[in-house]
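The values are calculated or read from the model by the stated rules, or taken from the named source; none is laboratory data. Only a predicted model underlies this, so the values are computations on that prediction, with no experimental measurement involved. Note that each Cβ is placed from the backbone with ideal geometry, even for glycine, and that neighbours are counted across all protein chains shown. Calculation scope for accessible area: heavy atoms of the full protein, side chains included, ligands and nucleic acids excluded. Shrake-Rupley method; radii C 1.70, N 1.55, O 1.52, S 1.80 Å.
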Amino acid sequence: YAKTYQRGQLAWYDPALTSQTHERVRLLNGLRHALQGDGLYVVFQPQVSLEDQRLIGLEALMRWRTEDGSVIPPDRFIPVAEQSGLIRELGFFVLREACSLLARLHAEGHAGVRMAVNVSAVQFRNPSFLSELRQIVGASGMDAHYLELEITESIAMEDSAYVREALEALRTMGVQLAVDDFGTGYSCLAQLKQLAFNRLKIDKAFVHDLSEEEADASIAGVVIQIGQRLGKEVIAEGVETEAQAQILGRLGCREAQGYLYGRPMPVAELYRWLKSRA
Ligand code: C2E
Ligand code: MG
Ligand code: MG
Ligand code: MG
């Protein structure tokens, strides 16, 4: 805690920083506690084919319910978990939950459905990531080809031997790769061309911006064209309206995810969702 203590001293002169540090320590302690108990859980959001609304995949998303019953969104606790190294355990927890659910769904006849899991740069750069991943996938009994890791542009674009080798090892395992929130970071198109990934995810901000009049000139449209040129699949996230789905379809997008089809759901609710569509 030397670092926190030092930060605390620094913050003596800056009340805003002190309360930020306190908040971080509080979140981190709560998070550790949640990981040991049952405060952390995973929700699953459907991904569908735009053409026929068939279920093609699920994205696993982390949730934290605190003891007072409030749910803290991942955007708030993941940065804290990353700074502290706790993300490593959180990440493996999500992977285990996701892989075992997928093995179960496949065994129950939902063949071909894939499972997408977010992996942050900090997790990805951990030297034990690959071996742990192999172990988790192996133990779950699922086929690695149906696991998709969602990585950020910053990992995808990192030109280091370690990242290149790790991505290569994933490919050898058969794991699929998606570049998440594409267009919000700094991608180098020349490098993107070299990268062996399967799917681009259009960020929900660009889906929100879609309008009938300017569809062709939209960022979503440009991302779809890049995907097509590179021979990659493109999935839109954050699809909330039928109008957005229609425009995306017209622009050549074939896959979508969003509240229009289903919210991120705990397992029991996901089963009800599956049943209601059967
Ligand atoms: P993301 O990977 O881009 O996930 C998509 C986010 O959009 C999710 O937010 C999802 O709930 C939300 N979303 C889906 N459909 C709609 C829609 O139609 N409208 C709107 N407004 N939002 C929609 P969520 O679950 O709060 O997660 C936020 C971010 O936190 C994720 O963004 C991801 O970067 C990160 N995250 C979540 N779970 C994990 C995890 O297990 N590991 C890591 N490393 N990051 C995670
Ligand atoms: Mg994602
Ligand atoms: Mg995304
Ligand atoms: Mg996003």
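At Gln194 and Ala243, where each label point lies 7 Å from the Cα along Cα→Cβ, what is the point-to-point distance in nanometres?
The answer from the label model is 4.3 nm.
Springs between alpha-carbon atoms under 10 Å, Gaussian network over the chain: tell me which of Ala196, Ala268, Ala245 tops the mean-square fluctuations.
Highest fluctuation of the listed residues: Ala268.
Can you tell me, using C-alpha contacts under 8 Å and at least 6 residues apart, the relative contact order of the chain as a whole percent? Walk me through the numbers on the way to the answer.
On the way: 423 pairs, mean separation 47.5, N = 278.
For the chain, the relative contact order is 17 percent.
In whole Hz, with x marking every Gly and Pro, tabulate ³J(HN,Hα) for region 59-70 from phi via Karplus 6.51 cos²θ - 1.76 cosθ + 1.60, θ = phi - 60°.
10, 7, 10, 7, 9, 10, 9, 7, 5, 7, x, 7
Taking only pairs that are 8 or more places apart or on different chains, how many Lys pairs in region 169-278 have Cα atoms under 21 angstrom apart?
Working: Lys193/Lys201; Lys193/Lys232; Lys201/Lys232; Lys204/Lys232.
Count of close lysine pairs: 4.
Among rounded, prolate and oblate, which fits region 125-167 when a ≥ b ≥ c are the square roots of the eigenvalues of its C-alpha gyration tensor, a/c under 1.5 means rounded, and a/b larger than b/c means prolate?
Working: a/c = 2.92, a/b = 1.77, b/c = 1.65.
Prolate, because a/c is 1.5 or more and a/b exceeds b/c.
Any idea what the dipole of the chain comes to, in debye rounded to 20, about its Cα centre with Lys/Arg Cβ at +1 and Asp/Glu Cβ at -1?
Values: 29 positive and 36 negative charges, 162 e Å.
The calculation lands at about 780 debye.
Counting only protein heavy atoms and using a 1.4 Å probe, what share of the accessible area of region 47-135 belongs to carbon plus sulfur, as a whole percent? Let's see the in-between values first.
Values: 1950 of 4070 Å².
The value for region 47-135 is 48 percent carbon and sulfur by accessible area.
Looking only at chymotrypsin sites (Phe, Trp or Tyr not before Pro) in DSSP loops with at most 11 other Cβ atoms within 10 Å, what is the longest site-free stretch of the chain?
2-185
Please report Rg (one decimal) and Dmax (integer) in Å for the Cα set of the chain.
Looking at the chain, its Cα Rg and Dmax stand at 19.7, 61 Å.
Find the accessible area per residue for region 158-278; the probe is 1.4 Å, ligands and nucleic acids are left out, and the unit is Å².
Numbers: 6490 Å² over 121 residues.
With the other protein chains kept in place, region 158-278 gives 54 Å² per residue.
Taking amide H atoms as placed 1.01 Å from N in the peptide plane, list the residues 5 or more away in sequence, or in a different chain, whose amide H sits under 5 Å from that of Ile56.
Here Gln47, Val48, Ser49 satisfy the definition.
Could you grab the Rg to Rh ratio for region 228-278? Cα atoms only, Kirkwood for Rh. Let's see the in-between values first.
On the way: Rg = 13.3 Å, Rh = 12.3 Å.
The Rg/Rh ratio comes out at 1.07.
May I ask for the angle, rounded to the nearest 10°, between helix 87-107 and the longest principal axis of the chain, with both axes built from Cα atoms and the value confined to 0 to 90°?
Helix 87-107 sits roughly 40 degrees off the main axis of the chain.
How far, in nm, would the chain grow between Met173 and Ala139 when pulled straight, counting 0.36 nm per residue and subtracting the alpha carbon separation?
Working: separation 34, 0.36 × 34 = 12.24 nm, distance 1.44 nm.
Fully extending the segment from Met173 to Ala139 adds 10.8 nm.
How high is the FRET efficiency from Glu214 to Leu260, r the C-beta distance, R0 22 Å, rounded to 0.05? Display every interim value, and only then the final one.
Numbers: r = 21 Å, r/R0 = 0.94.
Approximately 0.60, to the nearest 0.05.
Give me the dipole magnitude in Debye, nearest 20, for region 52-131 about the Cα centre, with unit charges on the beta carbon: positive for Lys and Arg, negative for Asp and Glu. Could you put the intermediate results ahead of the total?
On the way: 9 positive and 9 negative charges, 41 e Å.
The dipole magnitude comes to about 200 debye.
Which length gain, in nm to one decimal place, applies between Gln53 and Arg76 when the Cα-Cα distance is subtracted from 0.36 nm times their residue separation?
5.1 nm
Sort out the exposed loop GluC sites (Glu not before Pro) in the chain (DSSP loop, at most 13 other Cβ within 10 Å) and tell me the longest stretch that has none. Please list the in-between numbers first.
Numbers: sites that count: Glu51, Glu67, Glu108, Glu212, Glu213, Glu214.
For GluC sites (Glu not before Pro) (loop position, at most 13 other Cβ atoms within 10 Å), the longest site-free span of the chain is 109-211.
How large is the dipole of region 148-278 about the Cα centre if only Lys and Arg carry +1 and Asp and Glu carry -1, each at its Cβ, rounded to the nearest 20 debye?
On the way: 14 positive and 21 negative charges, 119 e Å.
Dipole size: approximately 580 debye.
Work out the FRET efficiency for Val25 and Val222 from their Cβ-Cβ distance, taking R0 = 45 Å, and round it to the nearest 0.05. The partial results should precede the final answer.
Details: r = 43 Å, r/R0 = 0.95.
Given R0 = 45 Å and the Cβ-Cβ separation, E is 0.55.
Mind checking the angle between helix 129-140 and the chain's longest principal axis? C-alpha axes, 0 to 90 degrees, to the nearest 10.
The angle comes out at about 60 degrees.
With every protein chain left in place, what is the accessible area of Thr184 in Å² (1.4 Å probe, nearest 10)?
Accessible surface of Thr184 is approximately 80 Å².
With r defined as the distance between the Cβ atoms of Glu108 and Arg32 and R0 fixed at 35 Å, what FRET efficiency is calculated, to the nearest 0.05? Before the final figure, lay out each step's value.
Values: r = 34 Å, r/R0 = 0.98.
That pair, Glu108 with Arg32, gives E of 0.55.
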